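The values are calculated or read from the model by the stated rules, or taken from the named source; none is laboratory data. Here the structure is a predicted model, which is why all the values come from computation and not from measurement. Don't worry about glycine lacking a Cβ; one is built from the backbone with ideal geometry, like all the others, and counts go over all protein chains shown. SASA here: full protein model, heavy atoms, side chains in, ligands and nucleic acids out. Shrake-Rupley method; radii C 1.70, N 1.55, O 1.52, S 1.80 Å.
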Amino acid sequence: MTLRLGLTGGIGSGKSTVAQMLVAGGATLIDADAVSRGLTAAGGLAMPAIAAAFGADVVRPDGALDRDRMRAQVFADASARARLEAIVHPLVQQETTRAANAAQAAGAPIVVFDIPLLTESGHWRTRLHRVLVVDCSAETQIARVMARNGLPRAQVEAIIAAQASRLHRLAIADAVVFNDGLTLEALTATVATLVKRLTL
(Lines give C-alpha, C1' and ligand atoms only; values in the text may rest on other atoms or scores of the structure.)
Protein backbone atom coordinates (compact mmCIF):
# COMPACT_ATOMS: atom_id res chain seq x y z
CA MET A 1 0.00 0.00 0.00
CA THR A 2 1.20 3.51 -0.78
CA LEU A 3 1.47 5.66 2.34
CA ARG A 4 -0.21 9.06 1.89
CA LEU A 5 1.72 11.42 4.13
CA GLY A 6 0.69 15.01 4.80
CA LEU A 7 3.63 17.35 5.42
CA THR A 8 3.26 20.75 7.03
CA GLY A 9 5.13 23.28 9.14
CA GLY A 10 5.34 27.00 9.77
CA ILE A 11 7.45 29.39 7.74
CA GLY A 12 11.15 28.85 8.42
CA SER A 13 10.59 25.42 9.99
CA GLY A 14 12.56 23.58 7.31
CA LYS A 15 9.53 21.87 5.77
CA SER A 16 10.85 22.22 2.21
CA THR A 17 14.20 20.73 3.22
CA VAL A 18 12.45 17.74 4.82
CA ALA A 19 10.29 17.36 1.69
CA GLN A 20 13.42 17.07 -0.47
CA MET A 21 14.90 14.52 1.95
CA LEU A 22 11.73 12.43 1.65
CA VAL A 23 11.98 12.62 -2.15
CA ALA A 24 15.64 11.53 -1.95
CA GLY A 25 14.40 8.54 0.06
CA GLY A 26 12.03 7.48 -2.71
CA ALA A 27 8.85 9.43 -1.97
CA THR A 28 6.77 11.21 -4.61
CA LEU A 29 6.13 14.86 -3.71
CA ILE A 30 2.88 16.64 -4.49
CA ASP A 31 3.13 20.36 -3.70
CA ALA A 32 -0.35 21.80 -3.17
CA ASP A 33 0.92 25.38 -3.58
CA ALA A 34 2.59 24.54 -6.90
CA VAL A 35 -0.62 22.88 -8.11
CA SER A 36 -2.58 25.99 -7.12
CA ARG A 37 -0.11 28.26 -8.94
CA GLY A 38 -0.45 26.09 -12.06
CA LEU A 39 -4.23 26.39 -11.94
CA THR A 40 -3.98 30.20 -11.92
CA ALA A 41 -1.19 30.48 -14.51
CA ALA A 42 -1.90 31.43 -18.13
CA GLY A 43 -4.23 28.75 -19.50
CA GLY A 44 -4.81 27.35 -15.99
CA LEU A 45 -8.01 25.44 -15.32
CA ALA A 46 -9.19 27.92 -12.68
CA MET A 47 -8.82 31.06 -14.79
CA PRO A 48 -12.15 31.05 -16.71
CA ALA A 49 -14.15 30.75 -13.46
CA ILE A 50 -11.99 33.36 -11.70
CA ALA A 51 -12.46 35.83 -14.58
CA ALA A 52 -16.22 35.21 -14.54
CA ALA A 53 -16.44 35.70 -10.76
CA PHE A 54 -14.08 38.64 -10.28
CA GLY A 55 -13.85 40.39 -13.63
CA ALA A 56 -11.17 40.82 -16.27
CA ASP A 57 -9.07 43.22 -14.19
CA VAL A 58 -7.75 40.32 -12.05
CA VAL A 59 -6.42 38.67 -15.23
CA ARG A 60 -3.03 39.77 -16.56
CA PRO A 61 -2.58 40.37 -20.33
CA ASP A 62 -0.91 36.95 -20.64
CA GLY A 63 -4.00 35.25 -19.15
CA ALA A 64 -2.54 34.48 -15.72
CA LEU A 65 -4.02 35.64 -12.41
CA ASP A 66 -2.89 39.11 -11.37
CA ARG A 67 -2.01 38.12 -7.81
CA ASP A 68 -1.58 41.69 -6.54
CA ARG A 69 -5.04 42.75 -7.72
CA MET A 70 -6.62 39.54 -6.47
CA ARG A 71 -4.95 40.00 -3.10
CA ALA A 72 -6.31 43.56 -2.92
CA GLN A 73 -9.84 42.30 -3.61
CA VAL A 74 -9.54 39.57 -0.99
CA PHE A 75 -8.38 42.06 1.65
CA ALA A 76 -11.08 44.59 0.73
CA ASP A 77 -13.97 42.11 0.62
CA ALA A 78 -14.29 39.40 3.28
CA SER A 79 -16.40 37.20 1.02
CA ALA A 80 -13.90 37.35 -1.88
CA ARG A 81 -11.50 34.87 -0.25
CA ALA A 82 -14.30 32.33 0.21
CA ARG A 83 -15.42 32.78 -3.42
CA LEU A 84 -11.85 32.37 -4.68
CA GLU A 85 -11.27 29.28 -2.53
CA ALA A 86 -14.55 27.76 -3.73
CA ILE A 87 -13.13 27.92 -7.28
CA VAL A 88 -9.53 26.92 -6.62
CA HIS A 89 -9.72 24.36 -3.80
CA PRO A 90 -11.86 21.72 -5.57
CA LEU A 91 -9.51 21.92 -8.58
CA VAL A 92 -6.46 21.54 -6.31
CA GLN A 93 -8.11 18.50 -4.75
CA GLN A 94 -8.88 17.07 -8.20
CA GLU A 95 -5.33 17.59 -9.50
CA THR A 96 -3.57 16.33 -6.36
CA THR A 97 -5.80 13.23 -6.30
CA ARG A 98 -4.97 12.53 -9.94
CA ALA A 99 -1.23 12.91 -9.26
CA ALA A 100 -1.40 10.72 -6.14
CA ASN A 101 -3.31 7.98 -7.97
CA ALA A 102 -0.72 8.05 -10.78
CA ALA A 103 2.13 7.76 -8.23
CA GLN A 104 0.38 4.88 -6.48
CA ALA A 105 -0.18 3.10 -9.81
CA ALA A 106 3.55 3.53 -10.53
CA GLY A 107 4.36 1.80 -7.24
CA ALA A 108 5.53 4.78 -5.17
CA PRO A 109 5.99 3.65 -1.54
CA ILE A 110 5.13 7.09 -0.14
CA VAL A 111 3.23 10.04 -1.59
CA VAL A 112 4.02 13.23 0.32
CA PHE A 113 1.43 16.01 0.15
CA ASP A 114 3.22 19.29 0.97
CA ILE A 115 0.32 21.36 2.33
CA PRO A 116 1.12 24.69 4.02
CA LEU A 117 -2.50 25.12 5.21
CA LEU A 118 -3.05 21.51 6.31
CA THR A 119 -3.82 22.53 9.89
CA GLU A 120 -6.43 25.09 8.83
CA SER A 121 -8.11 22.84 6.25
CA GLY A 122 -10.61 20.19 7.33
CA HIS A 123 -10.88 18.26 4.07
CA TRP A 124 -7.21 17.26 3.74
CA ARG A 125 -7.04 15.12 6.87
CA THR A 126 -9.50 12.54 5.53
CA ARG A 127 -7.30 11.94 2.46
CA LEU A 128 -4.12 11.16 4.42
CA HIS A 129 -2.86 8.16 6.35
CA ARG A 130 -0.42 10.16 8.48
CA VAL A 131 0.54 13.79 9.14
CA LEU A 132 4.17 14.84 9.63
CA VAL A 133 4.79 18.25 11.20
CA VAL A 134 8.18 19.98 10.95
CA ASP A 135 8.48 22.10 14.06
CA CYS A 136 10.91 24.56 15.63
CA SER A 137 10.80 27.44 18.08
CA ALA A 138 9.38 30.80 17.02
CA GLU A 139 12.80 32.41 17.60
CA THR A 140 14.39 29.94 15.18
CA GLN A 141 11.67 30.64 12.60
CA ILE A 142 12.21 34.39 12.91
CA ALA A 143 16.01 34.13 12.63
CA ARG A 144 15.83 31.83 9.58
CA VAL A 145 13.30 33.90 7.66
CA MET A 146 15.07 37.20 8.43
CA ALA A 147 18.35 35.69 7.17
CA ARG A 148 16.78 33.98 4.13
CA ASN A 149 14.38 36.69 2.93
CA GLY A 150 15.95 39.83 4.38
CA LEU A 151 12.65 40.78 6.06
CA PRO A 152 12.44 42.90 9.21
CA ARG A 153 11.57 41.08 12.44
CA ALA A 154 8.12 42.69 12.75
CA GLN A 155 7.10 41.48 9.29
CA VAL A 156 8.24 37.91 10.01
CA GLU A 157 6.35 37.96 13.31
CA ALA A 158 3.21 39.10 11.45
CA ILE A 159 3.54 36.22 8.95
CA ILE A 160 3.93 33.71 11.79
CA ALA A 161 0.93 35.20 13.62
CA ALA A 162 -1.21 34.79 10.47
CA GLN A 163 -0.38 31.06 10.25
CA ALA A 164 -1.77 28.28 12.42
CA SER A 165 -0.16 28.22 15.86
CA ARG A 166 2.50 25.66 16.77
CA LEU A 167 0.07 24.08 19.25
CA HIS A 168 -2.59 23.61 16.57
CA ARG A 169 -0.06 22.07 14.16
CA LEU A 170 1.32 19.72 16.81
CA ALA A 171 -2.22 18.68 17.75
CA ILE A 172 -2.83 17.18 14.29
CA ALA A 173 0.60 15.49 14.03
CA ASP A 174 1.11 11.73 13.90
CA ALA A 175 4.87 12.39 13.85
CA VAL A 176 7.03 15.46 14.50
CA VAL A 177 10.50 16.45 13.33
CA PHE A 178 11.81 19.03 15.80
CA ASN A 179 14.18 20.93 13.53
CA ASP A 180 15.88 23.23 16.02
CA GLY A 181 19.68 23.25 16.23
CA LEU A 182 20.05 20.16 14.04
CA THR A 183 22.85 19.88 11.52
CA LEU A 184 21.81 18.85 8.00
CA GLU A 185 23.29 15.39 8.68
CA ALA A 186 21.30 14.99 11.91
CA LEU A 187 18.11 16.14 10.18
CA THR A 188 18.71 13.64 7.35
CA ALA A 189 19.16 10.82 9.89
CA THR A 190 16.02 11.87 11.80
CA VAL A 191 13.92 11.90 8.63
CA ALA A 192 15.30 8.50 7.52
CA THR A 193 14.44 6.94 10.89
CA LEU A 194 10.99 8.44 10.79
CA VAL A 195 10.27 7.10 7.30
CA LYS A 196 11.22 3.58 8.43
CA ARG A 197 8.86 3.87 11.39
CA LEU A 198 5.98 5.22 9.29
CA THR A 199 6.29 2.55 6.59
CA LEU A 200 6.51 -0.46 8.93
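A few remarks follow.
- Subset of segment 144-158 that is in contact (Cβ under 8 Å) with a residue 12 or more places away in the chain and open to solvent by 40 Å² or more (accessible area, probe 1.4 Å) - its residue that is farthest from residue 182 (Cα to Cα): 157
- Scanning segment 159-172 for residues that are open to solvent by less than 60 Å² (accessible area, probe 1.4 Å) and either closer than 11 Å to residue 11 by Cα or not in a helix (DSSP H, G or I) (or both) yields a total of 5.
- In summary, residue 37 fulfils each of the numbered conditions (1) under 30 Å from residue 109 (Cα atoms); (2) in contact (Cβ under 8 Å) with a residue 24 or more places away in the chain; (3) outside any loop (DSSP other than H, G, I, E, B) with the single exception of condition (2).
- Residue match in segment 60-74 (condition: open to solvent by less than 40 Å² (accessible area, probe 1.4 Å), more than 21 Å from residue 126 (Cβ to Cβ) and charged (D, E, K, R)): yes
- Selected residue (criterion: surrounded by the most Cβ atoms within 10 Å (Cβ to Cβ)) from residues of segment 116-142 that are assigned to a helix (DSSP H, G or I) and in contact (Cβ under 8 Å) with a residue 40 or more places away in the chain: 141
- Among (1) among the small types (Gly, Ala, Ser); (2) surrounded by 12 or more Cβ atoms within 10 Å (Cβ to Cβ); (3) under 22 Å from the mean Cα position of the chain (by Cα), the one test that residue 26 misses: (2)
- The listed residue being open to solvent by 70 Å² or more (accessible area, probe 1.4 Å), of a type in the set (Gly, Ala, Ser) and under 21 Å from residue 39 (Cβ atoms), out of 80, 52, 105: 52
- Among the residues listed as 99, 76, the single one being in contact (Cβ under 8 Å) with a residue 60 or more places away in the chain and on the phi < 0 side of the Ramachandran plot: 99
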